[in-house]
1. Do you know which residues across region 94-123 are open to solvent by 30 Å² or more (accessible area, probe 1.4 Å) and in contact with a Cys (Cβ under 9 Å, 6 or more places away or on another chain)?
2. Take the residues of region 1-45 that are hydroxyl-bearing (Ser, Thr, Tyr) and in a loop (DSSP other than H, G, I, E, B): which is nearest to Leu76 (Cα to Cα)?
3. Being buried (at least 18 other Cβ atoms within 10 Å of the Cβ) and of a type outside the set (A, V, I, L, M, F, W, C) is the filter here; which residues of region 131-145 pass it?
4. Return only the number of the condition from (1) more than 24 Å from Asn14 (Cβ to Cβ); (2) free of Cβ contacts under 8 Å to residues at least 60 places away in the same chain; (3) surrounded by fewer than 17 Cβ atoms within 10 Å (Cβ to Cβ) that His127 does not satisfy.
5. Looking at region 71-93 only, could you name the residues that are closer than 18 Å to Lys2 by Cα, in contact (Cβ under 8 Å) with a residue 40 or more places away in the chain and either in contact with a Phe, Trp or Tyr (Cβ under 8 Å, 6 or more places away or on another chain) or open to solvent by 90 Å² or more (accessible area, probe 1.4 Å) (or both)?
6. State all residues of region 13-69 that are open to solvent by less than 50 Å² (accessible area, probe 1.4 Å), under 28 Å from Asp131 (Cβ atoms) and modelled with pLDDT under 75; if no residue qualifies, say none.
7. Within region 154-181, which residues are surrounded by fewer than 13 Cβ atoms within 10 Å (Cβ to Cβ) and either on the phi > 0 side of the Ramachandran plot or in contact with a Leu (Cβ under 7 Å, 6 or more places away or on another chain) (or both)?
Amino acid sequence: MKELSLNILDIAMNSVKAGAAHLGIELDETVSPLLTIIIRDDGCGMSEEFVRRLSDPFCTTRTTRKVGLGVPFYLLAAEQTGGGVTIESTPEPDPNHGTTVTAVFHKDHIDFTPLGDIISTITTLIHGYPDIALEFSHRFPTHEVVLSTEEIKAMLGDIPINTLEILNWIRDFLEEQYDHQS
């Protein structure tokens, strides 16, 4: 993929398909020159065997096609910068079921894939999956961008979070926080 934000969207979509009610997306750029991306969910989880097979493009749960390239491409994007990806998962029926995908990228490497439009990724997730509790953070050495859909929903009352006006407000809210970072 041309942007890491699209990889994040792909992995988040996998979390949704796994039945996650809570999704956490953390980006950390506090240690130069690294970008660490952690995506956590409370979905159904995966067996150790399935996690081991995730780097294989022919390992997929999809029924529409026999190839799953999201994780292999994400792994490649991290490894080609000298970083890597770890996946930890606990399957149901364990009460602590869920998956954590942690990727580390070296931003100073010539093969580093740009982050891209993370704001659109977050608003797309909220638009498509308004019932998921999404916690987003992006930490920099001097600033942090944060968003909690549960806090926003508490303020909104009966107004759906995925209405156009609210999505535009969320976009503006994130853009303002990113503007303060520079």
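1. Scanning region 94-123 gives a single hit, His97.
2. Step one: of region 1-45, the residues hydroxyl-bearing (Ser, Thr, Tyr) are 5, 15, 30, 32, 36.
Checking the rest, the ones that are also in a loop (DSSP other than H, G, I, E, B) come to 30, 32.
Values: Thr30: 23, Ser32: 21 Å.
Once the filter is applied, the top-ranked residue is Ser32.
3. Once the filter is applied, which keeps residues that are buried (at least 18 other Cβ atoms within 10 Å of the Cβ) and of a type outside the set (A, V, I, L, M, F, W, C), region 131-145 yields only His138.
4. Of (1) more than 24 Å from Asn14 (Cβ to Cβ); (2) free of Cβ contacts under 8 Å to residues at least 60 places away in the same chain; (3) surrounded by fewer than 17 Cβ atoms within 10 Å (Cβ to Cβ), only one is false for His127: (1).
5. Phe73, Ala77, Gly83
6. Selection gives Leu54, Thr60, Gly68.
7. Answer for region 154-181, where residues must be surrounded by fewer than 13 Cβ atoms within 10 Å (Cβ to Cβ) and either on the phi > 0 side of the Ramachandran plot or in contact with a Leu (Cβ under 7 Å, 6 or more places away or on another chain) (or both): just Gly157.
Okay, residues lined up against (1) in contact (Cβ under 8 Å) with a residue 40 or more places away in the chain; (2) aliphatic (A, V, I, L, M); (3) on the phi > 0 side of the Ramachandran plot:
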position: Ile110; (1), (2), (3): no, yes, no
position: Gly116; (1), (2), (3): yes, no, yes
position: Ser120; (1), (2), (3): yes, no, no
position: Thr123; (1), (2), (3): yes, no, no
position: Arg139; (1), (2), (3): yes, no, no
position: Leu147; (1), (2), (3): no, yes, no
position: Ile152; (1), (2), (3): no, yes, no
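The values are calculated or read from the model by the stated rules, or taken from the named source; none is laboratory data. Being a predicted model, the structure only gives us computed values, none of them experimental. No Cβ is skipped: glycine too gets one built from the backbone with ideal geometry, and neighbour counts run over all protein chains shown. Ligands, DNA and RNA are stripped out before the accessible areas are found, and what is left, the full protein with its side chains, is counted by its heavy atoms. Shrake-Rupley method; radii C 1.70, N 1.55, O 1.52, S 1.80 Å.
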